[in-house]
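Worksheet: the structure to be examined is printed underneath.
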Amino acid sequence: MNKHVDGMASRPLRTERAGVVVTRTGVNLGAEITGIDLRKPLSDEQFEAIDAALVEHALIVFRDQDISSANLMDFGRRFGELTVHPFAPNEGKNAPELIKFRNDENTPPFGTDVWHSDETFRAEPPMATILCAKEVPAVGGDTMFVSMAAAYDGLSEKMQQYISGLEGIHDMKPFRPLFGKSQEERKNLQHFELQYPPQLHPVVRIHPVSRRKVLFVNPQFTVGIDGMDERESRQLLDTLFHQALVPEYQHRHHWQPHTIAMWDNRSTQHYAVHDYYPQRRYMERVTIKGGPVTGLPKANPASVRKAKFAAPAHVDTHGGHKPHR
Ligand SMILES: [Fe+2]
(Lines give C-alpha, C1' and ligand atoms only; values in the text may rest on other atoms or scores of the structure.)
Protein backbone atom coordinates (compact mmCIF):
# COMPACT_ATOMS: atom_id res chain seq x y z
CA MET A 1 0.00 0.00 0.00
CA ASN A 2 1.26 3.45 -0.81
CA LYS A 3 1.78 5.98 1.89
CA HIS A 4 -0.24 9.15 1.66
CA VAL A 5 0.88 11.38 -1.20
CA ASP A 6 -0.08 15.02 -1.18
CA GLY A 7 -0.68 15.92 -4.80
CA MET A 8 -0.03 19.53 -3.85
CA ALA A 9 -3.76 20.09 -4.10
CA SER A 10 -3.36 23.24 -2.01
CA ARG A 11 -1.58 25.08 -4.84
CA PRO A 12 -3.64 27.78 -6.60
CA LEU A 13 -5.73 26.70 -9.55
CA ARG A 14 -4.79 29.70 -11.67
CA THR A 15 -1.78 32.01 -11.71
CA GLU A 16 -0.74 34.87 -13.96
CA ARG A 17 2.72 36.26 -14.62
CA ALA A 18 3.74 38.59 -17.49
CA GLY A 19 0.31 38.00 -19.06
CA VAL A 20 0.93 34.24 -19.13
CA VAL A 21 -2.07 32.56 -17.51
CA VAL A 22 -1.46 29.07 -16.12
CA THR A 23 -4.52 27.01 -15.20
CA ARG A 24 -3.99 23.65 -13.55
CA THR A 25 -5.77 20.73 -15.18
CA GLY A 26 -4.48 17.90 -13.02
CA VAL A 27 -3.52 17.21 -9.43
CA ASN A 28 -0.08 15.69 -9.95
CA LEU A 29 0.69 17.15 -13.37
CA GLY A 30 -0.85 19.19 -16.16
CA ALA A 31 -1.71 22.83 -16.82
CA GLU A 32 -3.06 24.84 -19.73
CA ILE A 33 -1.41 28.08 -20.73
CA THR A 34 -3.26 31.00 -22.27
CA GLY A 35 -2.48 34.65 -22.90
CA ILE A 36 0.29 34.13 -25.46
CA ASP A 37 0.60 33.75 -29.23
CA LEU A 38 3.37 31.34 -30.23
CA ARG A 39 3.53 32.82 -33.75
CA LYS A 40 5.30 35.77 -32.17
CA PRO A 41 8.61 35.83 -30.29
CA LEU A 42 8.24 35.55 -26.52
CA SER A 43 9.50 38.27 -24.22
CA ASP A 44 12.00 37.16 -21.60
CA GLU A 45 9.32 37.55 -18.90
CA GLN A 46 6.87 35.38 -20.86
CA PHE A 47 9.54 32.75 -21.45
CA GLU A 48 10.47 32.67 -17.76
CA ALA A 49 6.82 32.21 -16.78
CA ILE A 50 6.43 29.29 -19.21
CA ASP A 51 9.74 27.73 -18.17
CA ALA A 52 8.68 27.88 -14.50
CA ALA A 53 5.26 26.38 -15.37
CA LEU A 54 6.97 23.50 -17.18
CA VAL A 55 8.94 22.53 -14.08
CA GLU A 56 6.00 23.02 -11.71
CA HIS A 57 3.30 21.26 -13.75
CA ALA A 58 5.54 18.91 -15.82
CA LEU A 59 3.01 18.96 -18.70
CA ILE A 60 1.90 22.28 -20.19
CA VAL A 61 -0.68 22.60 -22.95
CA PHE A 62 -1.35 25.46 -25.37
CA ARG A 63 -4.62 25.39 -27.32
CA ASP A 64 -5.49 27.08 -30.65
CA GLN A 65 -1.89 27.79 -31.67
CA ASP A 66 -1.93 27.59 -35.48
CA ILE A 67 1.84 27.84 -35.83
CA SER A 68 4.32 26.98 -38.57
CA SER A 69 7.10 24.42 -38.25
CA ALA A 70 9.54 27.34 -38.02
CA ASN A 71 7.52 28.83 -35.11
CA LEU A 72 7.63 25.46 -33.35
CA MET A 73 11.41 25.24 -33.75
CA ASP A 74 11.88 28.85 -32.60
CA PHE A 75 9.74 28.17 -29.52
CA GLY A 76 11.76 25.04 -28.71
CA ARG A 77 15.07 26.87 -29.11
CA ARG A 78 14.11 29.29 -26.34
CA PHE A 79 14.61 26.36 -23.95
CA GLY A 80 17.89 25.11 -25.39
CA GLU A 81 19.51 23.34 -28.30
CA LEU A 82 17.22 21.08 -30.36
CA THR A 83 18.39 17.51 -30.84
CA VAL A 84 18.16 15.19 -33.84
CA HIS A 85 16.51 11.84 -33.17
CA PRO A 86 18.67 9.11 -34.72
CA PHE A 87 15.71 6.89 -35.68
CA ALA A 88 12.60 9.06 -36.11
CA PRO A 89 11.42 10.44 -39.47
CA ASN A 90 12.59 14.02 -39.96
CA GLU A 91 12.86 16.73 -42.57
CA GLY A 92 16.37 15.78 -43.66
CA LYS A 93 19.05 18.40 -44.18
CA ASN A 94 16.62 21.33 -44.12
CA ALA A 95 15.40 20.73 -40.57
CA PRO A 96 16.72 17.48 -39.07
CA GLU A 97 15.50 18.59 -35.62
CA LEU A 98 11.87 18.53 -36.80
CA ILE A 99 10.19 15.13 -36.47
CA LYS A 100 7.02 14.53 -38.46
CA PHE A 101 4.73 11.73 -37.30
CA ARG A 102 2.26 10.96 -40.09
CA ASN A 103 0.02 8.07 -39.16
CA ASP A 104 -2.78 6.88 -41.44
CA GLU A 105 -4.26 3.70 -42.90
CA ASN A 106 -0.89 2.80 -44.45
CA THR A 107 1.39 3.84 -41.61
CA PRO A 108 0.25 2.68 -38.17
CA PRO A 109 2.04 4.30 -35.23
CA PHE A 110 5.30 2.62 -34.25
CA GLY A 111 6.59 2.01 -30.75
CA THR A 112 4.91 4.86 -28.91
CA ASP A 113 2.24 2.80 -27.10
CA VAL A 114 4.66 1.88 -24.34
CA TRP A 115 5.29 3.99 -21.24
CA HIS A 116 8.54 5.89 -21.62
CA SER A 117 10.55 9.04 -21.17
CA ASP A 118 11.96 10.12 -24.50
CA GLU A 119 15.36 8.85 -25.57
CA THR A 120 16.69 7.61 -22.24
CA PHE A 121 19.10 5.42 -24.25
CA ARG A 122 21.18 8.58 -24.62
CA ALA A 123 23.95 9.55 -22.19
CA GLU A 124 22.04 12.82 -21.71
CA PRO A 125 18.33 12.31 -22.41
CA PRO A 126 16.26 15.32 -23.54
CA MET A 127 15.07 17.82 -20.94
CA ALA A 128 11.76 18.35 -22.70
CA THR A 129 9.73 17.49 -25.79
CA ILE A 130 7.19 19.64 -27.64
CA LEU A 131 4.49 18.04 -29.75
CA CYS A 132 2.17 20.03 -32.04
CA ALA A 133 -1.04 18.52 -33.39
CA LYS A 134 -1.75 19.31 -37.03
CA GLU A 135 -4.42 16.73 -37.80
CA VAL A 136 -6.13 14.55 -35.22
CA PRO A 137 -8.62 11.66 -35.34
CA ALA A 138 -12.32 12.40 -34.76
CA VAL A 139 -12.09 10.15 -31.70
CA GLY A 140 -9.13 8.53 -29.98
CA GLY A 141 -5.44 9.29 -30.29
CA ASP A 142 -5.05 10.77 -26.79
CA THR A 143 -1.71 10.77 -25.00
CA MET A 144 -1.36 9.58 -21.40
CA PHE A 145 1.15 11.26 -19.12
CA VAL A 146 2.33 10.31 -15.66
CA SER A 147 4.26 12.20 -13.00
CA MET A 148 7.25 10.08 -12.04
CA ALA A 149 7.88 12.39 -9.09
CA ALA A 150 4.43 11.43 -7.74
CA ALA A 151 5.20 7.81 -8.66
CA TYR A 152 8.37 7.98 -6.56
CA ASP A 153 6.59 9.68 -3.66
CA GLY A 154 4.00 6.90 -3.74
CA LEU A 155 6.55 4.16 -3.05
CA SER A 156 6.97 2.94 0.50
CA GLU A 157 9.93 4.37 2.39
CA LYS A 158 11.47 0.90 2.43
CA MET A 159 11.36 0.70 -1.36
CA GLN A 160 12.62 4.28 -1.72
CA GLN A 161 15.63 3.38 0.43
CA TYR A 162 16.18 0.13 -1.42
CA ILE A 163 16.33 1.70 -4.89
CA SER A 164 18.30 4.79 -3.88
CA GLY A 165 21.73 4.63 -5.45
CA LEU A 166 20.83 1.84 -7.90
CA GLU A 167 21.37 2.39 -11.61
CA GLY A 168 19.16 1.29 -14.49
CA ILE A 169 20.56 0.05 -17.80
CA HIS A 170 18.95 1.91 -20.71
CA ASP A 171 19.19 0.51 -24.22
CA MET A 172 18.07 1.49 -27.75
CA LYS A 173 16.33 -1.91 -28.06
CA PRO A 174 12.96 -0.75 -29.48
CA PHE A 175 14.69 0.56 -32.58
CA ARG A 176 16.54 -2.63 -33.52
CA PRO A 177 13.54 -4.06 -35.47
CA LEU A 178 13.77 -1.03 -37.79
CA PHE A 179 16.87 -2.59 -39.31
CA GLY A 180 16.60 -5.35 -41.92
CA LYS A 181 18.61 -8.54 -42.15
CA SER A 182 20.81 -7.64 -45.13
CA GLN A 183 24.53 -7.27 -44.53
CA GLU A 184 24.31 -3.55 -45.17
CA GLU A 185 21.47 -3.15 -42.66
CA ARG A 186 23.33 -5.18 -40.03
CA LYS A 187 26.36 -2.94 -40.56
CA ASN A 188 24.17 0.11 -40.26
CA LEU A 189 22.71 -1.21 -36.98
CA GLN A 190 26.22 -1.89 -35.68
CA HIS A 191 27.14 1.70 -36.42
CA PHE A 192 24.21 2.93 -34.27
CA GLU A 193 25.00 0.45 -31.50
CA LEU A 194 28.51 1.84 -31.29
CA GLN A 195 27.20 5.39 -31.28
CA TYR A 196 24.51 4.63 -28.66
CA PRO A 197 25.88 2.01 -26.27
CA PRO A 198 23.73 1.08 -23.24
CA GLN A 199 23.73 3.82 -20.59
CA LEU A 200 23.52 3.69 -16.83
CA HIS A 201 21.14 6.21 -15.26
CA PRO A 202 20.20 6.52 -11.59
CA VAL A 203 16.93 4.74 -10.78
CA VAL A 204 16.06 7.75 -8.63
CA ARG A 205 17.08 10.96 -10.31
CA ILE A 206 17.06 14.39 -8.74
CA HIS A 207 15.29 16.95 -10.90
CA PRO A 208 17.94 19.62 -11.60
CA VAL A 209 15.54 22.53 -11.03
CA SER A 210 12.82 21.42 -8.59
CA ARG A 211 15.20 19.04 -6.72
CA ARG A 212 12.31 16.56 -6.45
CA LYS A 213 13.14 12.87 -6.55
CA VAL A 214 11.92 11.13 -9.68
CA LEU A 215 11.58 7.44 -10.49
CA PHE A 216 13.64 7.17 -13.68
CA VAL A 217 13.11 3.73 -15.21
CA ASN A 218 10.76 3.00 -18.11
CA PRO A 219 9.65 -0.19 -19.89
CA GLN A 220 10.66 1.06 -23.33
CA PHE A 221 14.36 1.55 -22.69
CA THR A 222 15.29 0.20 -19.24
CA VAL A 223 16.43 -3.39 -19.65
CA GLY A 224 18.02 -4.14 -16.29
CA ILE A 225 19.47 -2.93 -13.01
CA ASP A 226 23.24 -2.70 -12.84
CA GLY A 227 24.72 -5.39 -10.58
CA MET A 228 21.57 -7.54 -10.43
CA ASP A 229 20.92 -10.74 -12.33
CA GLU A 230 18.16 -10.94 -14.90
CA ARG A 231 15.49 -12.37 -12.61
CA GLU A 232 16.19 -9.86 -9.84
CA SER A 233 16.20 -7.01 -12.37
CA ARG A 234 12.96 -8.13 -13.95
CA GLN A 235 11.12 -8.43 -10.65
CA LEU A 236 12.27 -5.05 -9.39
CA LEU A 237 11.62 -3.34 -12.71
CA ASP A 238 8.11 -4.86 -12.92
CA THR A 239 7.35 -3.34 -9.52
CA LEU A 240 8.76 0.04 -10.50
CA PHE A 241 7.16 0.08 -13.97
CA HIS A 242 3.82 -0.53 -12.28
CA GLN A 243 4.03 2.88 -10.62
CA ALA A 244 3.37 4.55 -14.00
CA LEU A 245 0.07 2.64 -14.24
CA VAL A 246 -1.48 4.20 -11.12
CA PRO A 247 -4.33 6.47 -12.28
CA GLU A 248 -3.78 8.97 -9.45
CA TYR A 249 -0.38 9.87 -10.90
CA GLN A 250 -1.63 10.16 -14.49
CA HIS A 251 -3.18 12.74 -16.76
CA ARG A 252 -5.00 11.95 -20.02
CA HIS A 253 -4.43 14.58 -22.67
CA HIS A 254 -6.93 15.08 -25.50
CA TRP A 255 -5.68 16.63 -28.71
CA GLN A 256 -7.44 19.09 -30.99
CA PRO A 257 -5.94 20.57 -34.16
CA HIS A 258 -3.37 23.23 -33.22
CA THR A 259 -2.90 21.94 -29.68
CA ILE A 260 0.68 21.99 -28.44
CA ALA A 261 1.83 19.90 -25.49
CA MET A 262 5.23 20.29 -23.88
CA TRP A 263 6.43 17.89 -21.22
CA ASP A 264 9.31 17.86 -18.80
CA ASN A 265 11.04 14.69 -19.90
CA ARG A 266 13.04 14.60 -16.66
CA SER A 267 10.00 14.07 -14.47
CA THR A 268 7.30 12.43 -16.63
CA GLN A 269 6.56 9.45 -18.82
CA HIS A 270 4.00 9.22 -21.59
CA TYR A 271 2.11 6.69 -23.66
CA ALA A 272 0.47 7.41 -27.03
CA VAL A 273 -2.87 5.59 -26.98
CA HIS A 274 -2.94 3.34 -30.03
CA ASP A 275 -6.71 3.27 -30.60
CA TYR A 276 -7.28 5.44 -33.67
CA TYR A 277 -5.77 3.42 -36.52
CA PRO A 278 -6.64 3.65 -39.45
CA GLN A 279 -7.69 7.25 -38.82
CA ARG A 280 -5.12 9.93 -39.60
CA ARG A 281 -3.00 11.64 -37.01
CA TYR A 282 -0.34 14.11 -38.00
CA MET A 283 1.98 15.66 -35.42
CA GLU A 284 5.20 17.64 -35.44
CA ARG A 285 7.78 17.38 -32.68
CA VAL A 286 10.94 19.05 -31.49
CA THR A 287 13.12 17.81 -28.66
CA ILE A 288 15.31 19.86 -26.35
CA LYS A 289 18.74 18.72 -25.29
CA GLY A 290 19.12 17.68 -21.66
CA GLY A 291 22.04 17.49 -19.27
CA PRO A 292 23.56 14.70 -17.20
CA VAL A 293 21.16 12.60 -15.13
CA THR A 294 22.13 13.00 -11.51
CA GLY A 295 20.85 10.88 -8.68
CA LEU A 296 21.42 9.98 -5.10
CA PRO A 297 24.82 8.72 -4.00
CA LYS A 298 25.46 5.09 -4.96
CA ALA A 299 24.18 2.55 -2.47
CA ASN A 300 26.56 0.68 -0.23
CA PRO A 301 26.44 -2.89 -1.66
CA ALA A 302 26.26 -4.32 1.88
CA SER A 303 23.12 -2.32 2.66
CA VAL A 304 21.53 -3.39 -0.64
CA ARG A 305 22.20 -7.04 0.22
CA LYS A 306 20.71 -6.57 3.66
CA ALA A 307 17.62 -4.86 2.22
CA LYS A 308 17.27 -7.57 -0.43
CA PHE A 309 16.73 -10.31 2.11
CA ALA A 310 14.80 -8.31 4.69
CA ALA A 311 11.26 -9.46 5.49
CA PRO A 312 8.57 -7.43 3.65
CA ALA A 313 7.46 -4.46 5.73
CA HIS A 314 3.88 -4.94 4.66
CA VAL A 315 2.12 -7.68 2.75
CA ASP A 316 -0.87 -6.52 0.78
CA THR A 317 -3.15 -9.52 0.96
CA HIS A 318 -5.43 -8.08 -1.72
CA GLY A 319 -2.60 -7.94 -4.24
CA GLY A 320 -3.76 -4.54 -5.39
CA HIS A 321 -2.15 -1.18 -5.61
CA LYS A 322 -3.98 1.18 -3.32
CA PRO A 323 -2.75 4.76 -3.08
CA HIS A 324 -4.45 6.75 -0.34
CA ARG A 325 -6.84 9.47 -1.38
FE1 LIG B 1 7.76 9.68 -26.71
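The values are calculated or read from the model by the stated rules, or taken from the named source; none is laboratory data. Keep in mind that this is a model prediction, so the values were computed, not measured. Methodologically, a virtual Cβ is constructed for each residue, glycine included, from the backbone with ideal geometry; neighbour enumeration extends over all protein chains shown.
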(Q) Checking Asp275 against (1) acidic (Asp, Glu); (2) part of a helix (DSSP H, G or I); (3) under 18 Å from Asn103 (Cα atoms), only one condition comes out false. Which one? (A) (2)
Q) Restricting attention to the stretch 291-308, does a residue exist that is within 15 Å of the ligand (Cβ to nearest atom) and modelled with pLDDT of 95 or more? A) no
Q) How many residues are under 14 Å from the mean Cα position of the chain (by Cα) and not β-branched (Val, Ile, Thr) if we restrict to the stretch 266-284? A) 6
Q) If we keep just the residues of the stretch 94-127 that are assigned to a strand (DSSP E or B) and not hydrophobic (A, V, I, L, M, F, W, C), which is surrounded by the most Cβ atoms within 10 Å (Cβ to Cβ)? A) Asn103
Q: Go through (1) within 15 Å of the ligand (Cβ to nearest atom); (2) modelled with pLDDT of 95 or more; (3) of a type in the set (Phe, Trp, Tyr) and name the single condition Tyr162 misses.
A: (1)
Q | Hey, Phe62 buried (at least 16 other Cβ atoms within 10 Å of the Cβ), touching a residue at least 40 places away in the same chain (Cβ under 8 Å) and among the aromatic types (Phe, Trp, Tyr) or not | A | yes
Q.
I need a count of the residues in the stretch 174-197 that are at pLDDT 95 or above and closer than 16 Å to Thr222 by Cβ.
A. 2
(Q) Just the residues that are more than 13 Å from the ligand (Cβ to nearest atom) and either of a type in the set (Gly, Ala, Ser) or crowded, with 22+ Cβ neighbours inside 10 Å (or both), please, taken from the stretch 128-144. (A) Cys132, Ala133, Ala138, Gly140, Gly141
(Q) What's the total number of residues in the stretch 101-126 that are within 14 Å of the ligand (Cβ to nearest atom) and under 28 Å from Asp51 (Cα atoms)? (A) 14
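Return yes when Gln250 is of a type outside the set (A, V, I, L, M, F, W, C) and more than 25 Å from Arg24 (Cα to Cα) and no when it is not.
On the way: of a type outside the set (A, V, I, L, M, F, W, C): yes; more than 25 Å from Arg24 (Cα to Cα): no.
Answer is no for this residue.
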